[in-house]
Amino acid sequence: ITNLVSMDIAANALTAAGASPAMLHCIREIPDFTPRCHAVYINVGTLSEDWLPSMRAAASAGRPWVLDPVAAAASQFRMEACLELLALRPAVVRGNASEILALAARSDSSPTFKGVDSSHDSGEVLQAAKALARSSGTVVAVSGAVDFITDGEQVISASNGVAMMQKITATGCAVTALIAAFVGADPSDALAAAACALAIFGLAGEIGMESAKGPASLRMHLIDALYGLDEQTVTSGVKIALLP
Ligand SMILES: Nc1ncnc2c1ncn2[C@@H]1O[C@H](COP(=O)(O)OP(=O)(O)O)[C@@H](O)[C@H]1O
Ligand SMILES: Cc1ncsc1CCOP(=O)(O)O
Ligand SMILES: [Mg+2]
């Protein structure tokens, strides 16, 4: 269940990576459909009162699930929805630095709020991410130039990617969708699943950038690169480290 902006890039990124996305958000379909999924992805980017009950139901369907708290601090309604969903125990919550900071502070009143984009660097909010992981019992992933993934104790960094990825709308949404696919493939280790998905998505961005002229062609080449990745390219290209 993702926002209207991201539906296309998220579905295409998932399909290119070998997953099988299906985007259903009608409350009447959730009880039949969602229990049959390997994983659920919920993204509040274009939240509405109509969609929130579907999000609650999908998060409660007994499948591993992943939350993207897009622009969590945009409004009181959105912050409360994010906190309510967080209480339903996602396996992973992935946001940009400002989103993770706002969620950790449970606050929708940041003076530096910039909508769906971040006004902080990922490294600045690492302690907030660890605190959020501990208080919510989920893996927290903060994206940025370096992605940090933590369960509140261990911290993994993933340093793939190119800055131009920020100039394509909904790359964050697409990588959270990929995290959900990886969690579906191995629900036993959400920390590793999130780190691998972020590193691999970043690697696809690096490979895509070799042929791209700007954001629009990077979008295309990134999806092509995800499709073309093989084991050798991934094992030699990912930059993942367990921080001391
Ligand atoms: N400066 C950067 N350098 C390299 N990769 C980046 C940079 N900024 C973001 N990314 C990558 O772009 C993707 C989207 O992250 P981000 O822009 O933080 O999310 P959002 O779109 O939700 O704000 C992630 O895969 C992240 O690793
Ligand atoms: C522009 C926009 N507006 C509502 S959701 C959305 C997409 C946000 O995508 P991302 O979080 O990946 O930047
Ligand atoms: Mg985002």
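Every test in (1) out of contact with any helix residue (DSSP H, G or I) (no Cβ under 9 Å at 6 or more places or on another chain); (2) in a helix (DSSP H, G or I) is passed by SER135 save one, and that test is (1).
Among the residues of the stretch 19-46, the ones that are in contact (Cβ under 8 Å) with a residue 40 or more places away in the chain, in a loop (DSSP other than H, G, I, E, B) and open to solvent by less than 50 Å² (accessible area, probe 1.4 Å) come to 7 in all.
Among residues belonging to the stretch 111-155 that are farther than 26 Å from PRO244 by Cβ and more than 16 Å from ligand 2 (Cβ to nearest atom), point out the one that is surrounded by the fewest Cβ atoms within 10 Å (Cβ to Cβ). By that ranking, first place goes to PRO111.
Cβ-Cβ contacts under 8 Å between residues 6 or more apart (or on different chains), taken from a first residue in the stretch 220-240 that is farther than 17 Å from ALA158 by Cα and among the aromatic types (Phe, Trp, Tyr) to a second residue that is open to solvent by less than 40 Å² (accessible area, probe 1.4 Å) and assigned to a helix (DSSP H, G or I), are listed as TYR227/ALA16. Among the residues making up the stretch 48-67, those that are open to solvent by 40 Å² or more (accessible area, probe 1.4 Å) and assigned to a helix (DSSP H, G or I) are PRO53, ARG56. Of the listed requirements (1) within 18 Å of the chain's Cα centre (by Cα); (2) surrounded by fewer than 21 Cβ atoms within 10 Å (Cβ to Cβ); (3) among the charged types (D, E, K, R), ARG219 misses just one: (2).
Does any residue of the stretch 156-172 turn out to be surrounded by fewer than 21 Cβ atoms within 10 Å (Cβ to Cβ), in a strand (DSSP E or B) and in contact (Cβ under 8 Å) with a residue 60 or more places away in the chain? Yes; the residues of the stretch 156-172 include at least one that is surrounded by fewer than 21 Cβ atoms within 10 Å (Cβ to Cβ), in a strand (DSSP E or B) and in contact (Cβ under 8 Å) with a residue 60 or more places away in the chain.
When the test is whether a residue is within 23 Å of ASN96 (Cα to Cα) and either open to solvent by 50 Å² or more (accessible area, probe 1.4 Å) or touching a residue at least 40 places away in the same chain (Cβ under 8 Å) (or both), ALA16 does not pass it.
Selection of the stretch 102-124 for residues being under 15 Å from the mean Cα position of the chain (by Cα) and not small (Gly, Ala, Ser) yields LEU103, VAL116, ASP117. Inclusion of ALA104 among residues that are open to solvent by less than 60 Å² (accessible area, probe 1.4 Å), among the hydrophobic types (A, V, I, L, M, F, W, C) and free of Cβ contacts under 8 Å to residues at least 40 places away in the same chain is warranted. Would you check if VAL70 is under 16 Å from THR171 (Cα atoms), in contact with a Gly (Cβ under 6 Å, 6 or more places away or on another chain) and not in a helix (DSSP H, G or I)? Here the answer is yes, as VAL70 does meet what is asked.
The values are calculated or read from the model by the stated rules, or taken from the named source; none is laboratory data. Not measured: the values here are computed from a predicted model. Methodologically, a virtual Cβ is constructed for each residue, glycine included, from the backbone with ideal geometry; neighbour enumeration extends over all protein chains shown. For the accessible areas, the whole protein counts, side chains as well, though only heavy atoms, and no ligand, DNA or RNA atoms are used. Shrake-Rupley method; radii C 1.70, N 1.55, O 1.52, S 1.80 Å.
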